[in-house]
Amino acid sequence: MSLWKSILKVSGKQEVYKVPVRYLNLLEYQSKNLLRRSNVAIQDFCMIDEEGEHGFDKFNAKEYVIKAQILAGGRGKGHFDTGFKGGVHITNRREEIPNLVKQMLGHKLITKQTPKDGISVHKIMIAESVNIKRETYVCILMDRQKNGPVIIASPAGGVDIEGVAVKTPELIKNMPIDIFEGITDSMANELADFLEFKGPLKAKAAEEIKKLWHLFVTVDAVQIEINPLVETDDGKVISVDAKLNFDDNAKYRQQDVFALEHIAESDPREVEAAKYNLNYIGMTGNIGCLVNGAGLAMATMDIIKLYGGEPANFLDVGGSVKEDQVLAAFKIITSDPSVKAILVNVFGGIVNCATIANGIVGALKSTPLRVPLVVRLEGTNASEARKIIKESGLNIQTAQTLDEAAQKAVQALK
């Protein structure tokens, strides 16, 4: 996942915002379906959901893994709101599965990564259990520092890879990938050797790594993380768990992939913003922000913080914003009951300030505002924009500079 980071230093203190760009959320079984589509070796599995069984009647294994499907880690150590423990169970008794499913399906699973009241489980994956002899780690991702894709590998898989990198850096291999050549046979064999696959398993591991690269390119991924890539006791190389992230700019040609998005666990404001091509992330403050450009949005949050306020959100309307998008942005911001003031900060380069002004006026006429609004518009058609706001007769405070706007917004809270 890509992260925008903004650092503010005030009176010796340092504040760090980590505002994620919204990305495609896939459940584990969906990621595995994509792996299977590229012939990557995975465990066989079937699904059970609230609508019924999907292939379980014909699914047989020596041992079964029953896994609740939610977008959070720590499922195995989690517990349900009913008191039932564990979102992951292993059994070799098929007759136990219906009761395990009943204990999980439709109930809220609580882990260290979920909200306090947990996340409702609507799907259960029943997978074939494999006897793991050894775990390794493989990840292909886009690296801005390398100006292209890289592959990261480690023979120490199944654990916190960041910890491995710090404590035993010699167990991490980082190889740039030529986007035109891809992962060559030589690279794949070198990686398989580094991952300590021996004999015929080395060729199998190399082949699996090349298949992962093929998938990476085919679906316009920005990251495919396999943790762990395992060696089984019967001589197989299998991707047991996978996390995939995708390039939003390729959505137009990856519509089947993006149609899989699991939005049930997403912030509904983020989902609504995405419909209008707005980048919105909710935060914990009380000053709502509407800004054009991610960098300016980060700076706006910093300035609010500098003058003693707390931003309630990150909202970037982009450079080609239309009036209907401004209206949607206002509705999203005001839907947050914690917002007690709103700051609009727009520097018109590509964006027309008059468009923003008309959008603001239209939004306030359709939905009366009950909190103070401070607007700073500068750049293309800024004079016309100020005129539109002034002639609207609405109760809108204006500012010439970002400092002035931030101070007025913070002061409005008092």
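The values are calculated or read from the model by the stated rules, or taken from the named source; none is laboratory data. As the structure is a prediction and not an experimental result, all values here were calculated from the model. Heads up, the Cβs are rebuilt from the backbone with ideal geometry, glycines too, and the neighbour counts pull from every protein chain shown. What goes into the accessible areas is simple: the full protein's heavy atoms, side chains included, and nothing from ligands, DNA or RNA. Shrake-Rupley method; radii C 1.70, N 1.55, O 1.52, S 1.80 Å.
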Worksheet entry | Full-extension gain in nm, Asp143 to Ile90, via 0.36 nm per residue minus C-alpha separation | 15.4 nm
Practice prompt. For Leu71 paired with Asp220, estimate the spin-label separation in nm (one decimal), with each label point 7 Å from Cα along the Cα-to-Cβ line.
Written response: 1.9
Fill in: Computed label-point distance, nm, for sites Ile179 and Asp324 using a 7 Å Cα→Cβ extension
3.3
Worksheet item: Okay, which of region 308-325 sit inside 17 Å, backbone N to the point 7 Å along the Cα-Cβ direction of Tyr252?
Response: 319-321
Discussion item. I'd like the distance separating the alpha-carbon centroids of region 115-149 and region 186-255, in whole Å.
Written reply: 12
Practice prompt. Would you mind listing how long region 262-414 runs along its three principal axes, going by Cα atoms, in whole Å with the largest first?
Written response: 44, 32, 29
Worksheet item: Over the chain, what per residue volume does the convex hull of the Cα atoms give, in whole Å³?
Response: 172
Practice prompt. Name all residues of region 47-77 having a backbone nitrogen under 18 Å from the label point set 7 Å from the Cα of Lys133 along its Cα→Cβ direction, giving them as ranges.
Written response: none
Worksheet item: Assigning unit charges at the beta carbon (Lys, Arg +1; Asp, Glu -1) and nothing else, what dipole magnitude in debye, to the nearest 20, does region 216-263 show about its Cα centre?
Response: 180
Discussion item. What figure, in Å² to the nearest 10, do you get for the accessible area of Val88 with a 1.4 Å probe and non-protein molecules left out?
Written reply: 50
Fill in: Degrees between helix 382-392 axis and first principal axis of the chain (Cα, 0 to 90, nearest 10)
70
Worksheet item: With every protein chain present, what accessible area does His89 have (1.4 Å probe, heavy atoms only), rounded to the nearest 10 Å²?
Response: 40
Discussion item. Show me, for region 338-355, the HN-Hα J-couplings you get by feeding each phi into the Karplus relation (A = 6.51, B = -1.76, C = 1.60, θ = phi - 60°), rounded to Hz, glycine and proline as x.
Written reply: 7, 6, 10, 7, 10, 10, 9, 10, 10, 10, x, x, 6, 6, 8, 4, 5, 5
Fill in: Surface accessible to a 1.4 Å probe, Glu95 within the full protein complex, Å²
120
Worksheet, complete the sentence: Taking Lys and Arg as +1 and Asp and Glu as -1, residues besides Val222 with C-beta under 12 Å from its C-beta add up to -3
Discussion item. Given Cα positions, please report Rg to Rh for region 101-212, the hydrodynamic radius being the Kirkwood one.
Written reply: 1.09
Worksheet, complete the sentence: Toy charge model, Lys and Arg Cβ at +1, Asp and Glu Cβ at -1: the chain dipole around Cα centroid in debye, rounded to 20, equals 1060
Worksheet item: If you take the beta carbon distance between Asp49 and Lys275 as r and set R0 to 30 Å, what does 1/(1 + (r/R0)^6) give as a FRET efficiency, to the nearest 0.05?
Response: 0.75
Item to complete: Subtracting the Cα-Cα distance from 0.36 nm times the residue separation, let me have the gained length for Asn25 to Thr82 in nm, one decimal.
Response: 17.9 nm
Item to complete: For helix 28-37, report the angle its Cα long axis makes with the longest principal axis of the Cα atoms of the chain; keep it between 0 and 90° and round to the nearest 10°.
Response: 60
Worksheet item: Can you flag which of Lys387/Lys414; Lys173/Lys236; Lys116/Lys167 are past 26 Å Cα-Cα?
Response: Lys387/Lys414; Lys116/Lys167
Practice prompt. Quick one: angle between helix 402-412 and the longest Cα principal axis of the chain, in degrees between 0 and 90, rounded to 10, please.
Written response: 90
Discussion item. Just to verify a number: FRET efficiency for Asn39 and Thr401, C-beta to C-beta distance, R0 = 41 Å, to 0.05?
Written reply: 0.10
Worksheet item: Once you put a point 7 Å from the Cα of Glu63 and another 7 Å from the Cα of Lys365, both along the Cβ direction, what distance in nm separates them?
Response: 6.9
